[in-house]
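Here is the structure we will look at, set down as structure tokens.
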Amino acid sequence: MASNPIDPVEAGLVESLARPGGNVTGLSNLSRELAGKRLELLKEAVPKIAHVAALYDPPIRPSLREVKEFLPVVARGMGLTIQPWEVRAADDFDRVFAALNKQRPDGLYVLGGALMRTNEKRIVGFALKSRLPSVYTNRESVDYGGLMSYNADPADSYRRAATYVDKILKGAKPADLPVEQPTKFELVINLKAAKALGLTIPADVLRWANEVIK
């Protein structure tokens, strides 16, 4: 479960976080909380934004819930408007990018999934060319030139997942091992991208960054 953004209780994988009760346990990502924090950080980094386009792959249920349920609630509290854009296949990107060029949103929020990861260079390139401040779920997109990413620290999550493997191999039952939630998070900011977009990232935001690409 370390890399899966589902809610294990809601998905029926475990009875509760404290007492899984079956053969599944591990780490659960804080999808709702991370979505809100990601949008909040984008707004703090670029205070002028008001309309944010969100790219997502509909068959991925956690992404669908994030863009349809979680983000609109957080956005309203910050005076933002979220516009979801479905991308179901690689061929959809050109159509969506053309529509975004007409609508001219102020920011871009990119959800996770294999389709997005496979096309992350393409998405980042579009964001830079269109001068769209962008936030991502994975830091690789920031390495490619995206503005910023925020998520549970993947290295820490996998290290903690390994402790479950160790305990189970030594005889522990998954049903008795409480599901953990992330405690370590990673904010990565690309100042080269900020410069290309004509942005100055506030010092308060940079102070929270785990890594700044210069």
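Computed quantities for the displayed model
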| read-out | value |
| --- | --- |
| Per residue Cα convex hull volume in Å³ - calculated over the stretch 115-190 | 102 |
| Where only alpha carbons of the chain are counted, the Rg and the Dmax (Å) | 18.1, 59 |
| Solvent-accessible area per residue for the stretch 35-157 (1.4 angstrom probe, square angstrom) | 43 |
| Reach of LYS184 by Cα under 19 Å, taken over lysines that are not fewer than 8 positions away in the same chain | LYS37 |
| Separation between Cα centres of the stretch 175-196 and the stretch 96-117, rounded to whole Å | 21 |
| Per-residue HN-Hα couplings for the stretch 182-191 [Karplus 6.51, -1.76, 1.60; θ = phi - 60°; Hz; x = Gly/Pro] | x, 10, 10, 10, 10, 10, 10, 10, 9, 6 |
| Portion, in percent, of the accessible area of the chain that falls on carbon or sulfur, probe 1.4 Å | 52 |
| Placed amide H near ILE213: partners under 5 Å, 5+ positions off or other chain | ILE189, ASN190, LEU191 |
| Cα gyration tensor of the stretch 24-87 - equivalent ellipsoid semi-axes, whole Å, descending | 22, 15, 9 |
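The values are calculated or read from the model by the stated rules, or taken from the named source; none is laboratory data. Being a predicted model, the structure only gives us computed values, none of them experimental. Side chains are part of the model used for accessible areas, which takes the heavy atoms of the whole protein and leaves out ligands, DNA and RNA. Shrake-Rupley method; radii C 1.70, N 1.55, O 1.52, S 1.80 Å.
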